[in-house]
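Structure first, then comments.
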Amino acid sequence: MPWYVIYTKPKSEIKTAQRLEKIGVDVFCPVKNEIRQWSDRKKKFTVPLFTSYLFVRLEEKDRAIVFEVPGVNNYLFWLGQPAIVRDNEIDIIKKWVNDDAIEDIQLMHLKAGDRLIIKKGAFKDREAVVQKIGKRKCKLILPTMGILLEAKLSEVCASENYRL
């Protein structure tokens, strides 16, 4: 069975995934933990990795069942057909979400547009393009997979191409 991408209402990804599971749909909602700080406290939140998107695995003939659940807007389409994600890509996302080897450092010598090769983790040996550099995070585009990745980086080595 293929994995399809569902577009959901904003900030309802996790609840929508739970509702889909209740009706028997195989659903994957990758999440990450964020710590948000206010003036008097810090709080840990679980937020979706992909805002407004879920992955569902079902037969093509059963695709309409997802619209029975509140929060589902539509399927994501690519070239006029519902977008399908390969099993190995879902596995890579699952491994990446569970990988604790990525650490914080500041990146001052990278700039937007630099090409990188990821050195470790679930995306090992994949080429990435730096989109944006922050104090603790870097946004990377993985052109071969068509995704945007936000990562805390552990090390960068200077060479013809940077290696993360």
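For this structure, a couple of remarks:
- The residue that is surrounded by the most Cβ atoms within 10 Å (Cβ to Cβ), among those in the stretch 120-131 that are out of contact with any Leu (no Cβ under 9 Å at 6 or more places or on another chain) and modelled with pLDDT of 75 or more, is Lys124.
- Strands (runs of 3 or more DSSP E) enclosed by the stretch 5-54 - at least 3 residues per element that are open to solvent by 30 Å² or more (accessible area, probe 1.4 Å): 31-37, 42-48
- Against the test of being under 22 Å from Gln131 (Cβ atoms) and among the β-branched types (Val, Ile, Thr), the options Ile14, Ile65, Ile93, Ile6 yield a single qualifying residue, Ile93.
- Residues (over 16 Å from the mean Cα position of the chain (by Cα) and polar (S, T, N, Q)) located in the stretch 115-142: none
- Look at the stretch 20-39: where a residue is more than 14 Å from Thr8 (Cβ to Cβ) and a partner is open to solvent by 100 Å² or more (accessible area, probe 1.4 Å) and assigned to a helix (DSSP H, G or I), sitting 6+ places away or on another chain with Cβ atoms under 7 Å, you get Ile23/Glu68.
The values are calculated or read from the model by the stated rules, or taken from the named source; none is laboratory data. The shown structure was predicted, so the numbers you read here are calculated from the model rather than taken from an experiment. Here the Cβ is made from the backbone with ideal geometry for all residues, glycine too, and neighbour counts use every protein chain on show. Side chains included, ligands, DNA and RNA excluded: accessible areas come from the protein's heavy atoms. Shrake-Rupley method; radii C 1.70, N 1.55, O 1.52, S 1.80 Å.
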